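Where a number appears in this text, it was derived from the coordinates with a stated rule and is not lab data. This structure is a prediction, so every number in the text was calculated from the model and none was measured. Here the Cβ is made from the backbone with ideal geometry for all residues, glycine too, and neighbour counts use every protein chain on show.
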Amino acid sequence: MTDAEKTNLMDLLDSLVMAAVPKATKVPKYGGTLYTLKPEEKEGQFCGVFPYKAHVQLSFAQGSSLDDPDGLLEGGGKFRRHLTYKSLDDVDAKIVKRFCKAAIKL
């Protein structure tokens, strides 16, 4: 994955998160962007977009609590779950928005 592809993917995910949750505040952290409705609270973030060598990850802070009937979320940690994208074609805007809207309710 080229840097340009990674940037385009991160920009697309950023626009989808912000479209789903227009009141979100972006916080640059951990090499990516965290999204929060409570910027003054350390644990207020609901998701984040992070670049890796071969993919971009959309991570949900309380992902283990999200309704995921199709088993799309990856990860086996106590709380976090994520979606992994290797190309723009992998991104389904409806799924991204659905998870973001559900994440802010947790």
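Relative to one another, the C-alpha centroids of the range 1-32 and the range 43-106 are positioned 12 Å apart.
Placing a label point 7 Å from the Cα of Asn8 along the Cα-to-Cβ direction, the residues of the range 40-81 with a backbone N closer than 18 Å are 51-57. The slack in the chain from Asp70 to Ala54, taken as 0.36 nm per residue of separation less the alpha-carbon distance, amounts to 3.4 nm.
In order along the range 36-47, the phi-based Karplus estimate (6.51 cos²θ - 1.76 cosθ + 1.60, θ = phi - 60°) of 3J(HN,Hα) comes to 9, 9, 10, x, 7, 9, 4, 9, x, 6, 10, 7 Hz; Gly and Pro are listed as x. Other residues lying with their Cβ under 15 Å from the Cβ of Gly32 contribute a combined charge of +2, Lys and Arg counting +1, Asp and Glu -1. A straight Cα-to-Cα reach below 23 Å connects Lys105 with the lysines Lys23, Lys26, Lys29, Lys38, Lys42, Lys78, Lys94, Lys97, residues fewer than 8 places away in its own chain not being considered. If only the Cβ of Lys and Arg carry +1 and only the Cβ of Asp and Glu carry -1, the dipole of the range 33-106 around its Cα centre is close to 120 debye. Multiplying each eigenvalue of the alpha-carbon gyration tensor of the range 3-96 by 5 and taking the square root yields semi-axes of 19, 17, 13 Å, largest first, rounded to whole angstroms. For the range 15-26, backbone phi angles converted through the Karplus equation (6.51, -1.76, 1.60; θ = phi - 60°) give residue-by-residue couplings of 5, 6, 4, 5, 5, 6, 9, x, 7, 5, 10, 8 Hz, Gly and Pro being listed as x.
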